[in-house]
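Notes to accompany the following structure.
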Amino acid sequence: MNIHEHNSRILAGVEQPASDVAPSASKGLIVRDSHQESWRRCVEQHQLDPKSRATIPQVGENQLRQLQDEFGHRIFSYALEELNSLMSMVNEVGYSASLANSQGVIIAESVKPSQEYYCESDRLGSIWLEEIGGTNGIGTSIIEQRPVAVFKDDHFYYDFAAQACVAAPFYDAMGNLQGVLNLTTCNPYLDINAHHIVYKLACQSSVQLEERLFLEHFQDFMSLRFRNVSTQAFLIAYDELGVIRGASMAMRKRFALSQMDMGRRFIWEIFDLHKSGAAIDQLRSSDQVRMLDSGEVVSIIRFDARRHERNGRPNLYIPDRGEPVVSRTDKPTALDACAGNDRQMKENVRLVRKIMNKGLPIMLLGETGVGKDTLAKAIHQESDRRDGPFVAFNCAAVPESLIDSELFGYGKGAFTGANREGNQGRLVEAHGGTLFLDEIGDMPLVLQTRLLRVLESGEVSPLGSGKPRHVDLQVIAATNQRLHDKVAEGSFREDLFFRLAGVIVNLPPLRQREDKDFIIKALLADLCRKSDAVQLTKAAEEMLLSYSWPGNVREMKHVLHRASLLCDDGVIDAKDISLPFQRHESTPPTDRLRLPSPSAYEEASDRFESPSVAAKMAVAEAEGKVIAEAMAANDGNVEEAAKTLGMSRATLYRKLKKYGIKS
Ligand SMILES: Nc1ncnc2c1ncn2[C@@H]1O[C@H](COP(=O)(O)OP(=O)(O)OP(=O)(O)O)[C@@H](O)[C@H]1O
């Protein structure tokens, strides 16, 4: 094709629909990448004219060195490994391999000194942008975010019509373009079919490079990749709860996933899987997944979390390998005490240990008195932040008007009645440690927005003080409310929920725990430390084990404490135990608080299933009545009423507010 034919073909391509452009190569080709879009961009957007001469600018030596340094040593060495391995396969055909950075500048090359068909325009420092060089491998692949093969006269400028190149971009684990692997030759005898094979090789190298970066980055999470897609890396990382933690560039494009979706969406939203943690087991036992949008089934390769690297490459996940048995020879920690002997709590603690110190916010969900506060303190004690402060802030116990100044602080004389010296606020107090936001469901909406801003920027601006303060925090939030419902009704910000719920830990109610005996022993041991030895008769133990404990561990603690004061000779018998829900024949109903029956309570308060609206309303009505009675019986003393009811003061305040009962 001479220069006139070349230019006419390019200009015709700009004008005509894609199908009308005649391919210039011979029949029998395997692939002919269409570049009509790129030709059109060159003319219409970059204002290039195919009839003019092309010049490829170069950066100077100093700038080149700077760009090489900026590229990052680790990725640079991984990329060079790939280039060398590519060269060992294609240099006989006259290709040379190079690495371009994300701005299209060639910063490394792998060329044999004797290379016969070396393209001079591909020297170190050359800037291959589509805006300058027209349609070309590096520049066009950067714009189109895909591997590109440009065969000879498919180049926009005739000056490059003797060259054939393939360019495969690769992205880091966050989906940011890192660079382009590029193979070029000026071999006049090159056949387009051979070029197509070289294109596939370059794609494979970029997939491997991207996979290596991705798996290294997400080594604490499970990952999977599509098996048979060779031109781009389709990788996704997810955690034990099925939350998507990361996705490669190709995966993000394929499923329209944005950075905002990471940590917020679930793996079963894109694949046909159980909509729960069971999805993880499903993935472990299958080599295929079905995509929800297209119904297409793809083969997958799984990668386990916390992979140990061998030869610089992560190990493949071995499906039947059980979880490693961690032998803990040291004495039980506060976290072990929280786990007790209950399977769900042990699993919770295992998850917490896994994600601890990774900067992920933790959300603790569970009924009042299950031990959320206790678990939050135990996490802090076992974390790398144990020497920093543990600051607890109860959003329900602080009046709404004071949450702002208490939490975010204020400057000197910020408002009338403020402390003259100002108040740095709990967020700043917790700097370097853990901030425990209890009863987060009671955070007023306007302050939710402020809190979100702080969590996103890592900076707090106290009221009336212009200076923002940087804060480094492990945030643990807790609630006994159904936050999903609050999100649905608009009283809790969805974005804040997802920001706080880096990992969600569900604490089981005491009635569902398998280790009530263990907890009884722990509480008795605690009582023994404070007073004389306390023992339980068999009848007392049975009574405690068969009760439903609506106030959970807190209630059990109070009941045991009360019984230890009433019992004779340090032995607690059934007669010493007073349980509000108990329906003993001998118990006069008027002596007891009339709480809803345990079964109704269980049914309605099991927040992780959905109780019927009627049951919910019945329980709420009964609960309101009981609370009013308890308040009256205790002459309006919230602390005493809370003890009688077996709930925390904060919870009682929240419920008083909810039912409109005056304290
Ligand atoms: N595993 C446990 N072993 C012994 N005592 C425990 C355990 N878990 C909690 N407790 C005790 O139970 C009481 C309630 O625990 P905690 O305050 O942590 O519950 P909570 O879920 O935060 O309650 P609320 O939602 O009402 O704030 C505390 O006195 C705590 O010491």
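The values are calculated or read from the model by the stated rules, or taken from the named source; none is laboratory data. Since the model is a prediction, treat every value here as computed from it, not as a measurement. Here Cβ is always computed from backbone atoms with ideal geometry, including for glycine, and neighbour counts include all displayed protein chains.
Annotation note: Cβ proximity below 9 Å between a residue of region 432-444 that is at positive phi and a residue that is more than 15 Å from the ligand (Cβ to nearest atom) and assigned to a loop (DSSP other than H, G, I, E, B) (sequence gap 6+ or interchain) occurs for Gly432/Arg385; Gly432/Asp387; Gly432/Gly388; Gly432/Pro389; Gly432/Val471; Gly432/Asp472; Gly432/Leu473.
For region 150-164, the count of residues that are among the charged types (D, E, K, R), within 30 Å of Ile267 (Cβ to Cβ) and touching a residue at least 24 places away in the same chain (Cβ under 8 Å) is zero. Within region 434-449, the set of residues being touching an Asp or Glu at 6+ places or on another chain (Cβ under 8 Å) and buried (at least 17 other Cβ atoms within 10 Å of the Cβ) comprises Phe436, Asp438.
Residues that are at pLDDT below 90, more than 18 Å from Asn341 (Cα to Cα) and within 12 Å of the ligand (Cβ to nearest atom): does region 517-526 have at least one? Within region 517-526, not a single residue is at pLDDT below 90, more than 18 Å from Asn341 (Cα to Cα) and within 12 Å of the ligand (Cβ to nearest atom).
When the residues of region 453-489 are narrowed to those that are in a helix (DSSP H, G or I) and touching a residue at least 40 places away in the same chain (Cβ under 8 Å), which ends up nearest to the ligand (Cβ to nearest atom)? Across region 453-489, the extreme among qualifying residues is Leu483. In the set Glu240, Glu216, only one residue is part of a loop (DSSP other than H, G, I, E, B) and under 31 Å from the mean Cα position of the chain (by Cα); that residue is Glu240.
Of all the numbered requirements in (1) hydroxyl-bearing (Ser, Thr, Tyr); (2) in contact with an Asp or Glu (Cβ under 9 Å, 6 or more places away or on another chain); (3) assigned to a loop (DSSP other than H, G, I, E, B), Tyr189 misses one, and that requirement is (2). Quick check: is even one residue across region 521-531 outside any helix (DSSP H, G or I) and not assigned by TED's automatic domain parsing to the domain that holds Ala339? Yes, there is a match, as at least one residue in region 521-531 is outside any helix (DSSP H, G or I) and not assigned by TED's automatic domain parsing to the domain that holds Ala339.
Within region 482-504, the set of residues being in contact with a Gly (Cβ under 8 Å, 6 or more places away or on another chain) and at pLDDT 90 or above comprises Phe492 only. Picking from residues in region 400-452 that are more than 16 Å from the ligand (Cβ to nearest atom), modelled with pLDDT of 80 or more and β-branched (Val, Ile, Thr), the one that is nearest to Pro389 (Cα to Cα) is Val428. Which residue out of Leu283, Leu273, Leu316, Leu335 is at pLDDT 85 or above, surrounded by 11 or more Cβ atoms within 10 Å (Cβ to Cβ) and over 23 Å from Leu257 (Cβ atoms)? So the residue among Leu283, Leu273, Leu316, Leu335 that is at pLDDT 85 or above, surrounded by 11 or more Cβ atoms within 10 Å (Cβ to Cβ) and over 23 Å from Leu257 (Cβ atoms) is Leu335.
Only one of the numbered conditions (1) under 30 Å from Glu15 (Cα atoms); (2) surrounded by fewer than 17 Cβ atoms within 10 Å (Cβ to Cβ); (3) under 41 Å from the mean Cα position of the chain (by Cα) is not met by Gln47, and that is (3).
Looking only at residues of region 365-380 that are assigned to a helix (DSSP H, G or I) and closer than 8 Å to Leu507 by Cβ, we find that the one that is nearest to the ligand (Cβ to nearest atom) is Lys372. Only one of (1) assigned by TED's automatic domain parsing to the domain that holds Asp404; (2) more than 16 Å from the ligand (Cβ to nearest atom); (3) touching a residue at least 12 places away in the same chain (Cβ under 8 Å) fails for Ala539. Which number is that? Only one criterion is unmet by Ala539, namely (1). When Gln208, Gln204 are checked against the criterion of being without any contact (Cβ under 8 Å) to a residue 40 or more places away in the chain, under 30 Å from Arg284 (Cα atoms) and out of contact with any Pro (no Cβ under 9 Å at 6 or more places or on another chain), Gln204 stands alone in meeting it. Checking each residue in region 542-591 for being more than 15 Å from the ligand (Cβ to nearest atom), among the aromatic types (Phe, Trp, Tyr) and at pLDDT 85 or above picks out only Tyr547. For region 225-242, a residue qualifies if it is surrounded by fewer than 22 Cβ atoms within 10 Å (Cβ to Cβ) and either of a type in the set (A, V, I, L, M) or under 24 Å from Ile143 (Cα atoms) (or both), and the qualifying residues are Val229, Ser230, Thr231, Leu241. Across region 84-103, the qualifying residues are those that are under 17 Å from Glu120 (Cβ atoms) and not polar (S, T, N, Q), and the one among them that is surrounded by the most Cβ atoms within 10 Å (Cβ to Cβ) is Tyr95. Residues in region 627-660 that are away from the ligand (no atom under 16 Å from the Cβ) and buried (at least 18 other Cβ atoms within 10 Å of the Cβ): 1 in all.
Within region 496-515, restricting attention to residues that are outside any strand (DSSP E or B) and under 13 Å from the mean Cα position of the chain (by Cα), the residue that is surrounded by the most Cβ atoms within 10 Å (Cβ to Cβ) is Leu500. In region 362-387, what count of residues is obtained for those that are surrounded by fewer than 19 Cβ atoms within 10 Å (Cβ to Cβ) and more than 25 Å from the chain's Cα centre (by Cα)? Looking only at that region, the number is 1. Considering region 169-206, the residues that are within 14 Å of Asn101 (Cβ to Cβ) and hydrophobic (A, V, I, L, M, F, W, C) include one that is modelled with the lowest pLDDT, namely Leu177. Pairs meeting the criteria (first residue in region 334-347 and under 15 Å from Arg511 (Cα atoms) and hydrophobic (A, V, I, L, M, F, W, C), second residue assigned to a loop (DSSP other than H, G, I, E, B) and within 12 Å of the ligand (Cβ to nearest atom), beta carbons under 8 Å, at least 6 apart or on different chains) are Met345/Leu507; Met345/Pro508; Met345/Arg513; Met345/Asp515.
Scanning region 104-141 for residues that are surrounded by fewer than 21 Cβ atoms within 10 Å (Cβ to Cβ), in a helix (DSSP H, G or I) and in contact (Cβ under 8 Å) with a residue 40 or more places away in the chain gives Ser121, Glu131, Ile132.
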